[in-house]
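Take a look at the following structure, please.
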Amino acid sequence: MSLLLSEEHGDVVVLKLNRPEKGNSLNEALLLLLKDQLSLTLQKPGLKAVILTGMGDRFFCTGADLTELLGDPKRAGPLLQLFTDVMELFSSAPVFTACFLNGDTLGGAVGISLSTDFVLAREGIKIGTPEITKGVFPFMISKPMVAKLGYQKAMAMSLGGKFWDSKSAFELGMVSETADQTEFPLRMQKLIELWNAIPRSTVLNGKMAFAQSSEMTPQKLIGFLAEHLAGRK
């Protein structure tokens, strides 16, 4: 069975990590599949959103497969490069990106989720970067952590070795929204339906506006909005 599943829901694609017996941990094989499938998905005509979630109900993803990462130092470089490539694909995607955290989210998986636009977390899960307890600093996910959380919160996560529940993670800015166990699958479906219903031009222009917002004056933003409304389909 494939380590990565892909489901099309109209113009929204859901990718599912399929290694539940290993906590959906990311070994080199799974990361290669994820990078290749994500690259292919982003070329899909009419695509509006791509979502990453995990199979099973215990883990979204436990991050890098440490048995592989620490077992052979020669494989560490390629593995970390693949992590970087996947995070960059998510963060630079021209369409909506999201992680649906259906279970515990640890280590590098936190960096991947922070590289997306929207993070839905099931209540009751644990989120954290416990690598420091094994003598490993989560430097490979430092870029999205600092960008989304700020330096102090990112360092607190990296050095503290503790876990947050989904509600605390929401307060810290790690997740966009939480849902209880019963509501979680319903909210997933509602978001898929919502993003499918949005005009593709709104998706593309919305992402572009956010990407360029730091460089836009109020006058430019007004002009951008007027141009967007005129071309909305």
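Counting pairwise Cα distances across the stretch 4-193, what percent come out greater than 28 angstrom? Could you put the intermediate results ahead of the total?
Numbers: 3089 of 17955 pairs.
The proportion of pairs with Cα distances above 28 Å equals 17 percent.
Just add up the charged neighbours of residue 59: K/R +1, D/E -1, any other residue whose Cβ is under 13 Å from the Cβ of residue 59. Walk me through the numbers before you get to the answer.
Working: positive: 16, 19, 22, 58, 122, 126; negative: 21, 57, 65, 104.
It works out to a net charge of +2.
Given the DSSP H assignment, sum -39500 (n - 2.57) over each helix run of at least 4 residues in the chain and divide by its residue total; what's the result at 222 nm in deg cm²/dmol, nearest 500?
Numbers: 10 runs with 114 residues, N = 233.
After summing the helix terms and dividing by the residues of the chain, the value is -15000 deg cm²/dmol.
Compute the long axis of helix 183-197 from its Cα atoms, compare it with the longest principal axis of the Cα atoms of the chain, and write down the angle in degrees, 0 to 90, nearest 10.
40 degrees
Which angle between 0 and 90 degrees, to the nearest 10, do you get for helix 73-92 versus the longest principal axis of the chain when only C-alpha atoms count?
It is inclined by approximately 20 degrees.
While we're on this one: List the relative contact order of the chain as a percent without decimals, with contacts defined as Cα pairs under 8 Å and 6+ residues apart. It would help to have the intermediate numbers written out before the result.
Numbers: 403 pairs, mean separation 39.4, N = 233.
Over the chain, the number comes to 17 percent.
With a sphere of radius 10 Å drawn around the Cβ of residue 170, what net charge do the other residues whose Cβ falls strictly inside it have (Lys, Arg +1; Asp, Glu -1)? Before the final figure, lay out each step's value.
Numbers: positive: 167; negative: 123, 165, 171, 177.
In short, -3.
Okay, next question. Count neighbours as other Cβ atoms within 10 Å of each site's Cβ, and list the trypsin sites (Lys or Arg not before Pro) in the stretch 15-80 that are DSSP loop with at most 16 such neighbours.
On the way: sites: 16, 22, 35, 48, 58, 74, 75; in loops: 48, 58.
Loop-located and lightly packed - 58.
Specify the angular offset, from 0 to 90 degrees and rounded to the nearest 10, of the alpha carbon long axis of helix 28-41 from the longest principal axis of the alpha carbons in the chain.
10 degrees
Continuing with the same structure: Please report, in debye to the nearest 20, how large the charge dipole of the stretch 12-152 is about its Cα centre when each Lys and Arg carries +1 at its beta carbon and each Asp and Glu carries -1 there.
Values: 14 positive and 13 negative charges, 32 e Å.
Roughly 160 debye for the stretch 12-152.
The numbers here are math on the coordinates, done by the rules we state, and not lab data. Just so it is clear, the model here is predicted, and its values are computed rather than measured. As a convention, Cβ positions derive from the backbone with ideal geometry for all residues, glycine included, and neighbour counts pool all protein chains shown.
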